[in-house]
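The values are calculated or read from the model by the stated rules, or taken from the named source; none is laboratory data. Worth saying up front: this structure is predicted, and the values here are computed from it rather than measured. Please note: Cβ atoms are built from the backbone with ideal geometry, for glycine as well, and neighbour counts cover all protein chains shown. Quick note on the areas: whole protein, heavy atoms, side chains included, nothing else; ligands and nucleic acids left out. Shrake-Rupley method; radii C 1.70, N 1.55, O 1.52, S 1.80 Å.
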Amino acid sequence: LDEVRNLLKLIGIININQATLKLFAALDKNELLSGLDNMIPDESLPVIANEFATLANGENNFISEIDQRNFRGELLHVVLHLTVAPGYENTWSKVFVSILDITERKMNESNLQYLSSHDQLTGLANRTLLFDRLQLAINRSKRNHSQLAVFFIDLDGFKSINDRFGHAVGDQLLVLAARRLQSGLRDTDTVARVGGDEFNLVLENFNEIAAITPLAEKIMETIALPYQIEGNLCHVTCSIGISIYPMDGEDP
């Protein structure tokens, strides 16, 4: 990749249109010419390497998606299209480059992907993502000959919160309960919301089943602490069902 950086420095740009200056937020042509190397983040160097290799293999066109940075440091998602000008196939001394900005499209795709796999209220994994992660966790446990636990958590008394204070307060309580469930867990553990007031935890890599009991008790104590929401003091408790892999099942 260092060699790719060195090759980038050998590229001399002949001309740039105004649309390119605007896209990369460059003050003028000189700023963009002097900062070409900075426009390519390290993670995009493999794409540039593939570009050079494609041309070296005799192709006269190259097209690929690539991440670049503008002069404000913002990440751009673009489609890069190179065409070697006719008559310059052997020297590459004249190449036309077009850049199509697809940043907004990529952001929309990313948002749609996030919404399809996460609960919109709490930001936790939803049922679909839970089952994907649970299958991966089972595969890891099978390879490592370890155990994993699945907690099914149901909030007790939540309906009365909705009835007494309204759904807006109920929604805020769910968000706060979700944060409490996330606190104290490891990055490898998964917290998901699978129903109105129902949550799942997937806990990996433990050797003694006895270690599960104090964790469950801690969760019950944490959930039962009072919630102060819009001047209202709210109380809920929770019930927890626990299943252990592989004792209680070998599939999600």
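For the residues E198, E51, E104, a 1.4 Å probe over the protein chains yields an accessible-area ranking, largest first, of E104, E198, E51.
For V175, the accessible area of its heavy atoms, probed at 1.4 Å with every protein chain present, is near 30 square angstrom.
Ellipticity at 222 nm from helices only: DSSP H runs of n ≥ 4 in the chain, each -39500 (n - 2.57), divided by the residue count, give -12500 deg cm²/dmol. A straight line joining the Cα centroids of the range 54-128 and the range 129-148 runs 34 Å. How large is Rg/Rh for the range 1-152, to two decimals, with Cα atoms and a Kirkwood Rh? Reported Rg/Rh, Kirkwood definition of Rh: 1.15.
The distance between label points at S116 and T213 comes to 4.4 nm (points 7 Å beyond Cα on the Cα→Cβ vector). When the Cα convex hull of the range 35-74 is projected onto planes of every orientation, the mean area is 3.1 nm². Full extension of the chain between A168 and K142 yields a length gain of 5.1 nm, computed as 0.36 nm times the residue separation minus the alpha carbon distance. Modelled label-to-label distance, L10 and F52, 7 Å Cα→beta-carbon offset: nm? Rounded to a tenth, the inter-label distance reads 0.7 nm.
Relative to the compact-globule estimate of 2.2 N^0.38 Å, the Cα radius of gyration of the range 103-155 comes out at 1.50. Going by the alpha-carbon gyration tensor, a ≥ b ≥ c the square roots of its eigenvalues, is the range 103-242 rounded (a/c under 1.5) or, if a/c is not under 1.5, prolate (a/b greater than b/c) versus oblate? Because a/c hits 1.5 or more and a/b fails to exceed b/c, the range 103-242 counts as oblate. Lysine pair count for the chain with Cα-Cα distance under 26 Å and sequence separation of 8 or more or different chains is 7. For A224 and F71, the difference between the fully extended length at 0.36 nm per residue and the C-alpha to C-alpha distance is 50.0 nm.
In sequence order, what are the phi-derived ³J(HN,Hα) couplings for the range 192-197 according to the Karplus relation 6.51 cos²θ - 1.76 cosθ + 1.60 with θ = phi - 60°, rounded to whole Hz, with x for glycine and proline? Using θ = phi - 60°, the values come out as 9, 9, 10, x, x, 10 Hz. What is the antiparallel percent of DSSP beta bridges lying wholly in the range 122-252, to the nearest 5? Expressed as a percentage, antiparallel bridges in the range 122-252 total about 95.
Applying the criteria of a DSSP loop state and at most 11 other Cβ atoms within 10 Å to the trypsin sites (Lys or Arg not before Pro) of the range 122-190 yields R186. Note on R180/M107: beta-carbon distance plugged into 1/(1 + (r/R0)^6) with R0 of 22 Å gives a FRET efficiency of 0.10. Using the reciprocal of the averaged 1/r over all distinct C-alpha pairs, how large is the Kirkwood radius of the range 169-239 in Å? For the range 169-239, inverting the mean 1/r across all distinct Cα pairs yields 13.2 Å. Based on alpha carbons, the Rg and Dmax found for the range 124-204 are 14.5, 49 Å.
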